[in-house]
Amino acid sequence: MTERATNGYDVIIVGAGPAGLCAAMYVGRGMLKGLTIERGAPGGELLNTDLIEDYIGFESIKGWELAQGMTEHARKFGAEIVTDTVEKIRKASDGWFDVATARGHTYRAPAVILTAGGTPVKLGVPGEKEHAGKGVSYCAVCDGAFFKGEIVAVVGGGDAAVEEADYLTRYAAKVYIIHRRDRFRASKILQQRAFANPKIEVIWNKRVLEITGTAKGSEGLVLEDTVTGEHSTLMVGGVFIFIGFQPNSGLVEGHAKHDANGYFVTDDRMMTTIPGLFAAGDVRSQLTRQITTAVGDATTAAIAVEKYLTALRQTD
Ligand code: NAP
């Protein structure tokens with residue numbers, strides 16, 4: 001391999017959350033020419049998080065502040081970040097990747113690091129779509145302040161639900177956590193915090209059947225008891241849904257091995273089963289998804305890309 005693609009990039013990084021920005025920094029430090037494509041502002045999920053207390057070295061830092069710091073750091077090492085939405089990643093017959101975007105560009109490179117994260121899982125109940133953005137939210141930091149003094153509900157029992165419920169009590173008068181079982185899967189420390197918060201009340205063993213309301217927004221929930229089958233209603237001003245993330249792995253054309261939930265399976269270099277396609281952060285199959293694990297994945301991926309390209313060039 002002696003020539004670079006039309007766009008002259010060694011690697012294309014898809015997504016500019018913590019994983020993407022960290023990969024961009026390492027790619028720059030490795031003297032590779034990288035292009036990072038991000039549909040929104042650099043920072044990804046950090047921008048949906050108020051305070052971060054588990055990023056080692058920072059006892060407490062605002063999500064936007066960490067996002068800004070990571071972006072500046074990546075740019076210091078030459079990161080080129082463009083705003084566009086990646087629609088398809090395809091390995092062409094010449095072994096290079098075509099990365100097609102919504103703005104009509106096709107960027108080419110011999111390696112791709114996919115750090116595109118995921119999108120919130122929807123409940124899929126009547127009223128959810130109709131009231132989205134008008135009482136139904138998937139982001140407490142973005143929408144919490146709209147519910148000052150109101151009663152709101154959080155649906156879910158994982159880290160996101162329990163943590164965000166706690167966050168919402170800054171604004172809301174009361175926060176119900178509605179969970180379909182009788183125990184949370186959230187980490188113990190987050191559970192302890194929520195149980196100690198007098199504004200939080202947990203409603204166990206209930207699933208949401210419907211989100212009701214008027215054209216102005218959601219007003220209430222129809223619930224079903226998962227043990228007795230009994231129906232009930234709960235009047236709330238807003239409902240925040242945190243029932244997991246769907247990885248953005250569908251961007252890749254062709255088959256790359258993934259787990260039952262659609263997260264990419266990688267080797268210890270973060271390479272997927274498509275040679276040259278690396279995955280880092282929330283899109284990758286792993287035990288937990290933290291900022292620290294995302295940047296760890298990205299570090300490995302970026303360094304592995306360097307070695308992969310060197311090996312590729314030696315065989316050409
Ligand atoms: P998660 O851990 O997969 O939890 C999803 C929750 O939603 C579970 O309690 C699940 O119930 C419930 N659920 C799923 N489908 C549902 C449905 N249709 N109706 C009602 N409830 C439903 O997802 P997450 O909380 O978004 O977290 C994702 C990952 O990010 C995790 O690895 C988590 O550790 C990490 N995370 C970490 C932090 C932190 O450490 N500060 C914060 C946020 C997220 P069941 O329990 O009954 O299955």
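The values are calculated or read from the model by the stated rules, or taken from the named source; none is laboratory data. This is a predicted model, so every value here is computed, not measured. Cβ atoms come from the backbone with ideal geometry, glycine included; neighbour counts cover every protein chain shown. Just so you know, the surface numbers come from the protein's heavy atoms only, side chains and all, with ligands and any DNA or RNA stripped out. Shrake-Rupley method; radii C 1.70, N 1.55, O 1.52, S 1.80 Å.
Compute, for residue 64, the solvent-accessible surface of its heavy atoms (probe 1.4 Å) with the complete set of protein chains present, and express it in square angstrom to the nearest 10.
Its heavy atoms expose roughly 140 Å² to the probe.
Placing +1 on the Cβ of each Lys and Arg and -1 on the Cβ of each Asp and Glu in the range 136-241, which of 229, 192, 157 has its Cα farthest towards the positive end of the resulting dipole?
Final value for the positive-end residue is 192.
Is the C-alpha gyration tensor of the range 100-139 telling us rounded, prolate or oblate? Criteria: a/c under 1.5 is rounded; beyond that, a/b larger than b/c is prolate, otherwise oblate.
prolate
Run through the range 173-274 and list the GluC sites (Glu not before Pro) located in a DSSP loop whose Cβ has at most 11 other Cβ atoms within 10 Å. Can you show the working numbers first?
Details: sites: 201, 210, 219, 224, 230, 253; in loops: 230, 253.
Counting only loop positions with at most 11 other Cβ atoms within 10 Å, the GluC sites (Glu not before Pro) in the range 173-274 are 230.
Taking just the alpha-carbon atoms of the chain, what radius of gyration and Dmax come out, in angstrom?
So, for the chain, Rg and Dmax equal 21.4, 68 Å respectively.
I want to check the label-to-label distance for residue 173 and residue 62. Put each point 7 Å from Cα in the C-beta direction and report it in nm to one decimal.
About 2.9 nm separates the two model spin labels.
Residue farthest toward the positive end of the dipole of the range 136-241, with Cβ of Lys/Arg at +1 and Asp/Glu at -1: which of 214, 169, 240?
Of the listed residues, the answer is 169.
Quick one: of the DSSP bridges fully inside the range 136-241, what percent are antiparallel, nearest 5? Could the numbers behind the result be given before it?
On the way: 13 of 28 bridges.
Rounded to the nearest five, the antiparallel share is 45 percent.
Report, to the nearest whole %, how much of the accessible area of the range 136-241 belongs to carbon and sulfur atoms, 1.4 Å probe, protein only. Can you show the working numbers first?
Values: 2640 of 5250 Å².
Result for the range 136-241: 50 percent of the exposed heavy-atom area is carbon or sulfur.
Show me the GluC sites (Glu not before Pro) within the range 1-108 that DSSP assigns to loop and that have at most 15 other Cβ atoms within 10 Å of their Cβ.
Values: sites: 3, 38, 45, 53, 59, 65, 72, 80, 87; in loops: 3, 53, 59.
Taking the range 1-108 and a limit of 15 other Cβ atoms within 10 Å, the loop GluC sites (Glu not before Pro) found are 3, 53, 59.
Suppose we keep just the alpha-carbon trace of the range 203-316; what are its Rg and Dmax in angstrom?
Taking only Cα atoms of the range 203-316, I get Rg and Dmax of 21.7, 68 Å.
Would you work out the charge dipole size for the range 136-241 about its Cα centre, treating the Cβ of every Lys and Arg as +1 and the Cβ of every Asp and Glu as -1, and quote it to the nearest 20 debye? If you can, show how the numbers build up before the last one.
Details: 13 positive and 13 negative charges, 56 e Å.
For the range 136-241, the charge dipole is close to 280 debye.
Would you list 94, 143 from the most to the least accessible area, probe 1.4 Å?
Accessible-area ranking of 94, 143, largest first: 94, 143.
So which lysines can residue 62 reach, going by Cα to Cα under 28 Å and dropping same-chain residues fewer than 8 places off?
In chain and number order, the partners are 76, 122, 134, 148, 174, 188, 199.
Sum up the charges of everything whose Cβ sits under 13 Å from the Cβ of residue 67, counting Lys and Arg as +1 and Asp and Glu as -1, but leave residue 67 out.
Spelling it out: positives minus negatives among the neighbours equals -3.
Please report the accessible area of residue 259 (heavy atoms, 1.4 Å probe, ligands and nucleic acids excluded) in Å², nearest 10.
Number for this one is 40 Å².
How much area per residue is accessible in the range 171-246 when the probe is 1.4 Å and only protein heavy atoms are counted (Å²)?
56
Can you give the % of DSSP beta bridges in the chain that are antiparallel, to the nearest 5?
Just about 50 percent of them are antiparallel.
May I ask you to list the trypsin sites (Lys or Arg not before Pro) in the range 197-293 that are in a DSSP loop and have at most 12 other Cβ atoms within 10 Å of their Cβ?
When the trypsin sites (Lys or Arg not before Pro) of the range 197-293 are filtered for loop state and at most 12 Cβ neighbours within 10 Å, 216, 257 remain.
Considering only the other residues whose Cβ falls under 10 Å of the Cβ of residue 157, what net charge follows from Lys and Arg at +1 and Asp and Glu at -1?
Numbers: positive: 180, 181, 183, 185; negative: 159, 182.
So the environment of residue 157 carries a net charge of +2.
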